[in-house]
Amino acid sequence: MASTSAAHSHLSEYEIWWRSHYTFLTEKGYKLRSRYSPDWVPSWTNTNKADISCEDGIVSPHYLVLDARRIQDGARVSLKRIDVSRHPYEIEIARYFSTSPLRNDPANHCVPIYDVLEVPADHHIAIIVMPLLRDATDPYFDTVGEVVDCIHQLFEGLRFMHRHHVAHRDCMQLNILMDDSMFIDAWHASDQYMSEDYRRVARHHARTKSPPRYYYIDFGISRQYEASNTNPLEEPIFGGDKDVPEFNEDNFKPRNPFPTDVWYLGHAIQETFLDHYSGVEFLSGLVSDMMHSDPAQRPNMDEVFSQFQVIRQGFSNWKLRSRVVHDEERSVFDLLAHWTRRIQYIPPTVHEFSVLIFIEMSWSRCRAFGGQTSTVNHIPNSELHMLAHYMQVFTLPTPKAPILACRLILPPRRPRSGRESPSPSSLKRTRLGGELPPPARSAGARLPPNFLTKAFTLMWGTSITIASQR
């Protein structure tokens with residue numbers, strides 16, 4: 001008894017509510033994690049472990065939402081506590097999109113509702129049961145194609161809602177989530193970076209390999225209108241995003257919520273992609289239109305969707321595979337990780353892949369140095385050395401590729417007295433387990449000004465020709 005009382009003291013006030021309903025939820029077919037069991041004894045008790053290093057020591061970050069497992073099939077679900085007196089339409093609208101035939105429409109990106117539980121002795125509280133979803137922006141996007149797929153789904157989903165006369169009214173960044181399609185490991189619901197058992201980082205595939213499905217959640221202030229009401233007016237309600245221009249201009253004047261939805265989604269895309277990624281500039285024009293300060297000048301979602309399809313159809317496969325870079329992923333190590341993920345989707349031979357990596361790095365480095373002519377001296381020798389080693393490891397099937405990689409990347413070494421520069425045969429031995437020759441400073445090794453442009457244009461089948469330009 002003393003141990004469970006001590007465990008009780010580790011719970012926050014809102015967690016205690018879930019703990020007090022543990023038995024009720026179990027009877028309804030949903031089992032909470034051990035932390036919320038009335039018999040819970042913290043796993044770090046009588047050990048040297050810290051609570052934050054244990055699976056059951058992590059506090060839930062959401063006071064109205066908690067994860068659980070459906071006892072029937074073990075599926076992971078999310079439980080949301082709703083005050084029906086404050087949000088009378090949330091359950092109705094969420095259920096509307098979860099009923100046939102709408103729930104089977106591929107354009108429907110509203111979170112499915114599995115169940116609605118009425119809480120005993122608390123008639124104004126209900127619990128809705130949904131699939132367990134996660135932050136749509138984590139992990140980072142890797143390619144233009146992954147961004148395009150996400151934006152397509154978001155535009156498709158909001159257009160679907162609007163075509164059914166529902167205004168979300170809070171479709172901000174935090175109300176856009178994704179499923180677990182790309183994850184190898186189940187993640188911990190209170191710390192999504194970690195695996196469910198909290199023993200390692202949750203592993204995942206690239207979005208290209210396992211494309212996730214994106215969902216809109218939280219219909220707490222959403223409204224549905226009659227089809228005949230083409231210009232519904234609602235008094236402003238500030239959702240999670242407080243920057244809506246028409247609300248800040250006059251927060252008492254009734255407004256049509258549909259153009260405001262368009263602004264919300266445009267701002268979410270601005271905050272997620274345009275503010276933090278390079279390589280997504282193709283979104284800026286459309287997003288600017290969506291965020292026009294005058295609601296009457298914004299395109300509706302049918303127009304937004306159509307304009308985006310024109311943009312999307314103009315992309316080649318090469319463009320869709322090209323890299324997008326987050327603010328926090330600009331090191332050469334991130335570049336190597338990117339190409340490690342991408343190699344399985346690229347058809348050229350291994351030696352062409354070697355040139356591709358070098359060109360990508362050179363181009364980004366050239367931009368980082370203010371657009372100077374790319375030269376090997378602009379790239380630290382430590383990175384050149386590491387990148388050359390990386391290529392040696394990943395180009396084993398093609399004997400000439402490691403030599404080609406070193407010729408492309410390592411600066412020419414100045415011969416010491418009585419000694420010669422390393423020969424191609426000595427470099428070739430490195431792929432059999434030997435060490436790479438240490439990098440040396442170079443006085444030149446400048447690439448022609450048009451080298452990168454030519455390389456991108458003539459990429460396929462011209463690796464040896466490109467190498468000879470050095």
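Using 0.36 nm per residue, how much length does the chain from Glu27 to Arg223 gain when fully extended, once their Cα-Cα distance is taken away?
Value of the extension gain: 67.3 nm.
For the range 1-160, rounded, prolate or oblate, judged on the Cα gyration tensor with a ≥ b ≥ c (square roots of eigenvalues), a/c < 1.5 rounded, else prolate if a/b > b/c?
Note, shape of the range 1-160 comes out oblate.
Which FRET efficiency value, to the nearest 0.05, do you get for Tyr89 and Asn46 by plugging their Cβ-Cβ distance into 1/(1 + (r/R0)^6) with R0 = 60 Å?
It comes to 0.75.
Amide H neighbours of Asp115 under 5 Å, at least 5 residues apart or on other chains, H built in the peptide plane: list them.
Close amide H contacts, sequence-distant or interchain: Val129.
Distance between the C-alpha centers of the range 177-202 and the range 281-333? Whole Å please.
Using only Cα atoms, the two centres lie 29 Å from each other.
Magnitude of the Cβ-charge dipole of the range 25-108, K/R +1 and D/E -1, about the Cα centre, nearest 20 debye?
Using only the charged Cβ atoms, the result is roughly 80 debye.
What does the accessible area per residue of the range 235-316 come to in Å², with a 1.4 Å probe and no ligands, DNA or RNA counted?
Here the per-residue accessible area is 46 Å².
Quick check: with the 1.4 Å probe, what order do Glu27, Glu246 take by accessible area, largest first?
Sorted descending by solvent-accessible area, the residues read Glu27, Glu246.
Is the shape of the range 177-220 rounded, prolate or oblate, going by the alpha carbon gyration tensor and its root eigenvalues a ≥ b ≥ c, with a/c under 1.5 for rounded and a/b larger than b/c for prolate?
oblate
Give me, ordered by chain and number, the residues 5 or more places off Arg255 or on other chains with an amide H under 5 Å from its own placed amide H.
Distant-sequence amide H within range of Arg255: Glu234, Glu235.
Taking R0 as 51 Å, what FRET efficiency do you get between Asp105 and Cys54 from their Cβ-Cβ distance, rounded to the nearest 0.05?
0.75
In whole Å, what is the distance between the alpha-carbon centres of the range 96-122 and the range 148-166?
That distance is 17 Å.
Could you tell me the calculated FRET efficiency between Leu174 and Val116, based on Cβ-Cβ distance and R0 = 25 angstrom, to the nearest 0.05?
Plugging the Cβ-Cβ distance into 1/(1 + (r/R0)^6) gives 0.65.
Treat every Asp and Glu Cβ in the range 136-270 as -1 and every Lys and Arg Cβ as +1, leave all other atoms uncharged, and give the resulting dipole magnitude about the Cα centre to the nearest 20 debye.
So the magnitude is around 260 debye.
Please state the shape class of the range 59-103: rounded when a/c is under 1.5, otherwise prolate if a/b exceeds b/c and oblate if not, all from the C-alpha gyration tensor.
oblate
Just to verify a number: what accessible area does Tyr198 come out at with the full protein assembly present, 1.4 Å probe, Å² rounded to tens?
The accessible area of Tyr198 comes to roughly 40 Å².
Please give me, ordered by residue number, the chymotrypsin sites (Phe, Trp or Tyr not before Pro) of the range 239-268 that lie in loop per DSSP and have at most 11 other Cβ atoms within 10 Å.
Answer by residue number: Phe252.
Could you check how much of the accessible area of the range 1-160 is carbon and sulfur, as a whole percent, using a 1.4 Å probe?
Percent of accessible area from carbon and sulfur atoms in the range 1-160: 52.
The values are calculated or read from the model by the stated rules, or taken from the named source; none is laboratory data. Since we're looking at a predicted model, the values are computed, not measured. Counting neighbours? That spans all protein chains shown, and the Cβs are built from the backbone with ideal geometry, glycine included. With ligands, DNA and RNA removed, areas are computed over all heavy atoms of the protein, side chains included. Shrake-Rupley method; radii C 1.70, N 1.55, O 1.52, S 1.80 Å.
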